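Working notes, structure below.
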Amino acid sequence: MEDYKYLFKIVLIGEAGVGKTCLVRRFTQGLFPPGQAATIGVDFMIKTVEIEGDKVKLQIWDTAGQEKFRSITQSYYRAAHGLILVYDVCSQRTFDALPQWLTDIDSFANEKVLSYLVGNKIDRGDAREIPTHVGEQFAERYEMKYIETSAKEADNVDKLFLDIASRLTEDARERNRLIPGEDSMNISSNTKSISSCSRCFKF
Amino acid sequence: MDLERVQNLTDVSEMQKALEKLNAEEIDVDCELNTLLETQASLEDKMITLHRTLPNLQMLHTDSKQLSSMVSFTSTLAENVSSKVRQLDLAKNRVTSCIQRVEDILDLKYCTDGVQQALQNEDYEKAAGHVHRFRSLDENVLRMSEIASEGSSLDTSFRLLHESEDKLRVIVNTKFDASVHSRDVASIERFFKIFPMLGLYEEGLTKFGKYLAAKLSEDADRNLKLALHGIDPEDGRSSVIFADTITKLFEDIAKIVEIHQPLVETYYGAGRLVILVKILQKECDRQTRKLVEEFRNKRDFDLRVQQVQQSLMFHKQPAIEKPDSKDLDVLLSEIVLLNTRTELYLRFLKRRITGDFELAYQDEEKRNEKSSEVDKFIQSCDTSRLMQELIGNYIMMEEYFMREMVLKAVAMDSLDTGSPTSSMVDDSFYIVKKCVRRAMSSSSVDGVCAMLNHACTILEQDFREVLYTRVRAGFPSGFDLTQAYNMVIQQGKSSDTEKAKAQFISTLNNAEVSCDYCKQLKTNLEDEVSKLYTQCSDQSNAKLESCLSDIGACATRFKDVVEFGFSQMTQSVIKPRIKPQIDIFLSTSHNISEDDYTNFEANDPWVQNFIVSLDNMLGSFKDSLTNNNYEMFVSLVTAEITTQLEKSVQKSAFNRLGGLQFDKELRVLVGYLTSVTTWTIRDKFARLTQMATILNLEKVDELLDYWGPNSGPLTWRLTPSEVRQILGLRIDFRTEEIKRLKL
């Protein structure tokens, strides 16, 4: 058994070139690789963080934004605990594409998934096309958390992933409290809740 | 002792003492004097010898002086000689380089003459050899000596050679082109070898590459045409004709690389193979594009993709024309083959180029840089891209195919007599396995991972949902007797209930078997992955591992269904059947006389009937449930019996004989249940057995023989207050005595 209490899968999605790979690299390796090539298929990184004394392992799936990989990347949505939908604050096009991504989330992801909307590349101040409040409003309308980041300057990147990790940990602890130890007489009433969460954890 | 002190002496004894002392001193002095006189002779001898050696010393001094002057003279001489040798050496070196230069000049002359001669004779190898020699000379150095030597002639030589070099370049270029034109393979190779001698590495490889590419293009066009027109539907290979054709293309390129790699390495040096490969790859990209286009046309690929997309989008509407599963099956197999051939080919290219670079560069950093360049080249070539697009479509269609087939298996579900599970489990898992394995044979790691994810979704959601819904419908309750009665009265209705029962039981079995199947599927696929994907990067392996473990985790979801099903059964079968039997126990008195007791021995009031009824119930499920499920069923029945019986015991009243009767009944019951299970049941009855022990006591105090330090191997499952309560059930035990008991 590995040394962690919770395991969460986080999937990054969004148009090609919005900086998904850079966000992941920044968080997992502390690097900003300039001239990052387009991701082929899906990349996979692991980072273990500590949330209030518990080791939490984050499995981060960095998906390709290009259309031709859609059928591969979509297969990862359902098992995700956290979804990060990224757009480029300097590109109206990537912002306009968000509704389509939300439709995909609706049709493929688990309905209880924790989703974040991320506006990346805030370091390119003058080139910004989407003001913060527009992104915020959009996120609010679709009941997502909103955060703006810069993978280049490492702004808010750790915060984004740690926020997700602590929210997911909190939810997991909450569910653990709701389900007491085994009680054979109670199986019928608890079945649903056991089944909906038991797959997420590794004790 | 001085004189003054002696003169001052007054006492006789003191005077005498002084005298004695003086005498002793005198003797000492005498002795000393004697020894000194004895040595006098030898000292005198030594003095004489010294006097004799004195003149010799003076001679030694003059000799030494002479020697010293001689040594310094020699040293000066040696110094002089060696400096001359050094000068000589320098002169010799200069002579050598001079000779070298003269030789170079002679060579130059020879080259100048030779080049012209060779050009005249059309001996281009020789001419190129001369030019190569000339190119290796340092022109500037030679020109420095121009003034000293016959100046103008050297200049002409250089001019002539430069001219010849240019001329040769033009000739080789045109001759090469002409040879290509006339398809003279020998001449092509001849001139291909001359390029590097003229320093035209890039040019030579490019020209040669273009020539090879053109040849490749002809062959590939012919093969494609053959494939398109020669499709014989009866031929076994017709369903994979495009995969076969692309394989031919890749094999041709591989052959070219194989044949020409040694040639390139010998004449052009290591590290230059990539120039040739890039040109060939360009042609390969062009051919692949053509082939994929034809593939899409002939196989109605785009139409099928569209159909699948539409069915996925509006899968509630049956009106939309669905692609035929059989056709889809064939098509999917061909796509997988196309991709796996491509992966194989690209891996070959990568290995060859990397190997070539490794020969050329020793520096680790440079190698890594080159290696990532190769990766980039291979990942971004059109052939890769085309395949990525195909695989993208493939995944969508394969998922659709898998879901359709699983749904079909569910729809065509049938229950064979004699089998505890119905056909949909085996069929569905077979389909899932088939689809994932097909994805595996594509060699695309991302494709496999995606299909593993989809397989999880189908098993966990679609397939499990079917089982869950069936289990939620519940097990039809009702007694055997009424059923038998119904069977006579209403044939139809009863068989409906029977059907519902059979379906519930088979679903329960299906879910239980699915747990195992998930784990088996995971192990099987794992084995296959480890065989097929041996050359994967760590990252790819981690991806595969993660997706595979999700398949294994599906088992838990099916276990939940089993548990839910059994909770349904507890409510509708176990409880209603156990309850009346336990009620009979409750209504049977355990406050009995001697006569009653003997009577019960002959005519059992409860337990025998209970066992018959239990045996009936267990027997009716034993054959229809899987082994694991049957064990689970027995364990639930046992749990129900113990809870109910405990409650009833606490509501009954006992006397000594009643306690004995209960103890007997319990033994028979435990004996029976032990005989129908493979695991130990006694533990479940521990509390009841202990109750029977208490109820069977002669008097209250006797309990202490079993309690506390006297309990021996027995572990009490009853609390002290429970023990008191049970003792209280014995009507012949006095309450004060029970209270007095120290527990």
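The values are calculated or read from the model by the stated rules, or taken from the named source; none is laboratory data. Not measured: the values here are computed from a predicted model. Counting neighbours? That spans all protein chains shown, and the Cβs are built from the backbone with ideal geometry, glycine included. Each accessible area value is taken on the protein alone, full model and side chains, heavy atoms only, with ligands, DNA and RNA left out. Shrake-Rupley method; radii C 1.70, N 1.55, O 1.52, S 1.80 Å.
Contact-buried residues of segment A:76-113, at a threshold of 10 Å² lost accessible area versus the chain by itself: A:76, A:78 (1.4 Å probe; DNA, RNA and ligands ignored). Axis of helix A:187-198 versus longest Cα principal axis of chain A: the two differ by about 30°, to the nearest ten degrees. Segment A:5-80 and segment B:280-311 have their alpha-carbon centroids 31 Å apart.
Note the angle between two axes, namely the Cα long axis of helix A:157-178 and the longest principal axis of the Cα atoms of chain A, as a number of degrees from 0 to 90, rounded to the nearest 10. Tilt relative to chain A: about 20 degrees. Remark: segment B:588-740 carries a charge dipole of roughly 500 debye about the Cα centre, counting +1 on each Lys and Arg Cβ and -1 on each Asp and Glu Cβ.
Annotation: lysines with alpha-carbon distance below 17 angstrom to residue A:57 (same-chain offsets under eight excluded): A:5, A:9, A:47, A:159, A:202, B:543. Accessible surface of segment B:200-392, 1.4 Å probe: 49 percent of it comes from carbon and sulfur atoms. From zero up to wherever the largest Cα-Cα distance of segment A:6-195 sits, split into 10 Å bins and tell me the percent of pairs in each. Pair shares across the bins are 9, 36, 35, 14, 5, 1, 0. Taken over segment B:43-179, lysine pairs spaced eight or more positions apart, or on distinct chains, with alpha carbons under 27 Å apart number 8. Its Cα centre serving as origin, the protein assembly as shown has a Cβ charge dipole (Lys and Arg +1, Asp and Glu -1) of approximately 3480 debye.
When the charge dipole of segment B:43-179 is built from unit charges on Cβ atoms (+1 for Lys and Arg, -1 for Asp and Glu) and taken about the Cα centre, the candidate among B:171, B:97, B:66 whose Cα reaches farthest toward its positive end is B:66.
Rg/Rh for segment B:584-665: what does it come to with C-alpha atoms and Rh from Kirkwood? Rg divided by Rh gives 1.07.
Our estimate of slack between residue B:229 and residue B:583, defined as 0.36 nm per intervening residue step minus the Cα-Cα distance, is 119.0 nm. Principal semi-axes of the equivalent ellipsoid, √(5λ) from the alpha carbon gyration tensor of the protein assembly as shown, are 89, 67, 27 Å from largest down.
Accessible surface calculations at 1.4 Å, restricted to protein heavy atoms, place the protein assembly as shown at 54 Å² per residue. Here's the list of lysines a cross-link from residue B:647 could span, going by alpha-carbon distance under 18 Å and ignoring same-chain residues fewer than 8 apart: B:575, B:579, B:684. The H on the amide N of residue A:115, modeled in the peptide plane, is under 5 Å from the matching H of A:83, A:145, each at least 5 residues off or on a different chain. Label positions at residue B:516 and residue B:22, each projected 7 Å from the Cα along the C-beta direction, are separated by 13.8 nm. Below 8 Å, C-alpha to C-alpha, sequence gap of six or more: please give me the relative contact order for chain A in percent. Relative contact order for chain A comes out at 24 percent.
The Cα atoms of segment B:412-567 define a convex hull whose projected area, averaged across directions, is 10.1 nm². Summed over both chains, the area buried between B and A is near 2400 Å², taken from the accessible surface of protein heavy atoms with a 1.4 Å probe. Rounded, prolate or oblate: which fits segment A:62-162 when a ≥ b ≥ c are the square roots of the eigenvalues of the alpha-carbon gyration tensor, with rounded for a/c under 1.5 and prolate only if a/b beats b/c? Prolate, because a/c is 1.5 or more and a/b exceeds b/c.
Pairs of Cα atoms under 8 Å, at least six residues apart: use those to get the relative contact order of chain B, whole percent. Walk me through the numbers on the way to the answer.
Details: 599 pairs, mean separation 53.0, N = 743.
In percent, rounded to a whole number, it is 7.
Rg of the Cα atoms in chain B, relative to 2.2 N^0.38 Å, amounts to 2.06. Take the Cα of residue B:98, step 7 Å toward its Cβ, do the same at residue B:259, and the gap between the two points is 5.6 nm.
Over segment B:43-179, the hull volume per residue, using the convex hull of the C-alpha atoms, is 187 Å³.
Over the alpha-carbon set of segment B:200-392, divide Rg by the Kirkwood Rh and report the Rg/Rh ratio to two decimals. Don't skip to the end; give the middle numbers.
Working: Rg = 19.9 Å, Rh = 18.5 Å.
Over the Cα atoms of segment B:200-392, Rg/Rh equals 1.07.
One quarter of the surface of the convex hull around the alpha-carbon atoms of segment B:670-727 equals 4.5 nm², the direction-averaged projected area. Farthest toward the positive end of the dipole of segment B:337-477, out of B:354, B:397, B:445, is the Cα of B:397, where the dipole comes from beta carbon charges about the Cα centre. What does the C-alpha gyration tensor say about the overall shape of segment B:588-740? Classify as rounded when a/c is under 1.5, otherwise prolate if a/b is larger than b/c, or oblate. Since a/c reaches 1.5 but b/c is at least a/b, the shape of segment B:588-740 is classed as oblate. In a fully extended conformation the segment linking residue B:40 and residue B:206 would gain 48.3 nm over its present Cα-Cα distance, using 0.36 nm per residue.
For residue B:742, a cut-off of 22 angstrom between C-alpha atoms picks up these lysines, skipping any fewer than 8 places away in its own chain: B:699.
About the Cα centre of chain B, how large is the charge dipole given +1 on each Lys and Arg Cβ and -1 on each Asp and Glu Cβ? Please answer in debye to the nearest 20. Can you show the working numbers first?
On the way: 92 positive and 115 negative charges, 704 e Å.
Charge dipole, chain B, about its Cα centre: 3380 debye, nearest 20.
The label point for residue B:651 and the one for residue B:714, both projected 7 Å from the Cα toward the Cβ, are 2.7 nm apart. Here chain B is scanned for trypsin sites (Lys or Arg not before Pro) in DSSP loops (not H, G, I, E, B) that have at most 14 other Cβ atoms within 10 Å, and the longest stretch holding none of them is B:317-698.
What is the percent carbon and sulfur in the accessible area of segment A:104-145, measuring with a 1.4 Å probe over the protein chains and ignoring ligands? Don't skip to the end; give the middle numbers.
Numbers: 1070 of 2600 Å².
Carbon plus sulfur share of accessible area: 41 percent.
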